[in-house]
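Here, each number is a calculation from the coordinates, and none is a lab measurement. Everything quoted here is computed from the prediction, not taken from an experiment. No Cβ is skipped: glycine too gets one built from the backbone with ideal geometry, and neighbour counts run over all protein chains shown.
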Amino acid sequence: MEVILKQDMDELGLEGDVVDVAKGHARNYLIPRGFAIESTLQNRKLFELQRKKIEIRKVKAREEAERVKERLEDLALTFSQKVGEEGKLYGSVTSMDIASQLEENEIMIDRRKILLEKPIKALGEFEVQVKIYPGVTGSLKVTVVPEENKGEQE
């Protein structure tokens, strides 16, 4: 079944794209939630009239994504965690931790856009990929250091 996307969908395409999806996916998910409309002649004509506005929005969103990418690449996040023997962490640094620290730096990124295969469970420096916009992926430097134990040393 062909549908016209009303907003950007990572797995399907960008706003205004005509994509072919399973009927059940379209009728049960995309159309009821307002992510897409059925691709009829009338709806295609309607989107053709709006194409210029959609293109302008896409360009602006991509430019904003490029600015966020530059800010991310200039940024280095540091996490201090409790460490056991052999440098292994008691906890881990997850995409949720990274997203909340990015929020503190006034960069709003959904945690699902942070491409972390598995939580970080060791000390050191790591490069974490962040998918900002379709086709725009930035890298972020994450450093995990041991937490200072007050009163134990000295």
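Worth a mention:
- Here r is the Cβ-Cβ distance between residue 57 and residue 127 and R0 is 25 Å; the resulting FRET efficiency, rounded to 0.05, is 0.20.
- Distance from segment 100-135 to segment 44-95 (C-alpha centre basis), Å: 7 Å
- One decimal place: the segment residue 143-residue 49 gains 29.0 nm when fully extended, by the rule 0.36 nm per residue minus the C-alpha distance.
- The slack between residue 41 and residue 118, meaning 0.36 nm per residue of separation minus the straight C-alpha distance, is 23.2 nm.
- Angle between the chain longest axis and helix 95-104 axis [Cα atoms, degrees, rounded to 10]: 90 degrees
- The value of relative contact order for the chain, using C-alpha pairs under 8 Å at least six residues apart, is 20 percent.
- Intensity falloff of segment 70-146 expressed as log10 I(q)/I(0), Debye formula with alpha-carbon point scatterers, at q = 0.15, 0.17, 0.22, 0.28 Å⁻¹: -0.48, -0.61, -0.97, -1.45
- The ranking of 17, 110 by Cβ neighbour count inside 10 Å, starting from the fewest, reads 110, 17.
- Based on the reciprocal of the average 1/r between different C-alpha atoms, the Kirkwood radius for segment 2-64 equals 12.0 Å.
- Global geometry of segment 13-115, whether rounded, prolate or oblate, following the gyration tensor of its Cα atoms and the 1.5 cut on a/c: oblate
- FRET efficiency estimate (nearest 0.05) - Cβ-Cβ, residue 17 to residue 86, R0 35 angstrom: 0.10
- Per-residue extension of 0.36 nm, minus the Cα-Cα distance of residue 7 and residue 74, leaves a gain of 21.2 nm for this segment.
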